[in-house]
Each structure stands twice: as C-alpha cells, then as structure tokens.
1. Which ones in the stretch 74-85 are surrounded by 13 or more Cβ atoms within 10 Å (Cβ to Cβ) and within 26 Å of the chain's Cα centre (by Cα)?
2. Give me a count of the residues in the stretch 73-97 that are within 11 Å of the ligand (Cβ to nearest atom) and assigned to a helix (DSSP H, G or I).
3. Within the stretch 55-72, how many residues are touching a strand residue (DSSP E or B) at 6+ places or on another chain (Cβ under 9 Å) and either assigned to a loop (DSSP other than H, G, I, E, B) or more than 8 Å from the ligand (Cβ to nearest atom) (or both)?
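The values are calculated or read from the model by the stated rules, or taken from the named source; none is laboratory data. Keep in mind the model is a prediction, meaning the values are calculated, not measured. Every residue, glycine among them, receives a Cβ derived from its backbone with ideal geometry; neighbour counts consider all protein chains shown.
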Amino acid sequence: MNIRSLIEDFTNQLSSLVEQDAIDRARAVVESALGGHGRRGTKLLSGARRPKQLCPVPGCKNPAAPVFGMVCAKHKDISKAQIAKYRDARRAKKAKGTTKKRATRTTRAGKAAA
Ligand SMILES: [Zn+2]
C-alpha cells in the first residue's frame, strides 16, 4: 500500500462521510416536513372516518366506546333494548326538522290522492 492509495482511501472515506452527513440532514428535513403533514393528515382522516360518538343515555356526556356496545363505561350495564330506545329518541330529536318537511310532503301527496 503506498501513500497515494492511503490518501485516496482517506479522501473517499471523508467524502462519503460528508455525503452521508448531508444526506442524513436532508433526509431529516424531508422527514420532518413529510412527517408533520402525514401526522396531520392521519389525524384529519381518522377524525373524518370516526366521528366521536357520545353515549346515547340522556344527559350523559361521556364518549361511547365500541367495546361497551357504543355506550360509555358508566352505562355499559344498561340493556341493549333500553339503549336502542335512547338512541331512537336521540335520532328523532335530531331529525325533527327533516321529519316535519317529510310529513308536509306526505300530507300534500295524500291530499292529491284524495
Ligand atoms: Zn353514558
């Protein structure tokens, strides 16, 4: 091994080190940029896919959990029939406006038929 090859080796190693460092830094920048967007996007997506559902028991503000059959931990012992009633009541309350419209339309149709 002569000095020239030693120097060449050293230079190669040095340049590869510098390159690696630059690549690492560039990757860190890209990853932090992508990672930030990715995390934000995932949060948005999961939020859109799974809107937080509240426990259907009247007056209960706890979030419902699928493990408890979509009620909160506090009301997980309530019977499914009762929960279904609560859920129907809540749905009816929510759909009041649309139900009114639909009822009007039905009445009109009934008059036309009669
Ligand atoms: Zn509850």
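1. H75, K76, I83
2. Here is the first cut: in the stretch 73-97, the residues within 11 Å of the ligand (Cβ to nearest atom) are 73-78, 83, 86.
After this cut, where a residue has to be assigned to a helix (DSSP H, G or I) as well, the list is 73-75, 83, 86.
The total comes to 5.
3. Here is the first cut: in the stretch 55-72, the ones touching a strand residue (DSSP E or B) at 6+ places or on another chain (Cβ under 9 Å) are 55-57, 60-65, 71-72.
Within this subset, residues satisfying the condition of being either assigned to a loop (DSSP other than H, G, I, E, B) or more than 8 Å from the ligand (Cβ to nearest atom) (or both) are 55-57, 60-65, 72.
The number of residues fulfilling the criteria is 10.
Yes or no, residue by residue, for (1) of a type in the set (F, W, Y); (2) modelled with pLDDT of 85 or more:
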{"site": "K43", "(1), (2)": "no, no"}
{"site": "S46", "(1), (2)": "no, no"}
{"site": "R49", "(1), (2)": "no, no"}
{"site": "G59", "(1), (2)": "no, yes"}
{"site": "F68", "(1), (2)": "yes, yes"}
{"site": "A73", "(1), (2)": "no, yes"}
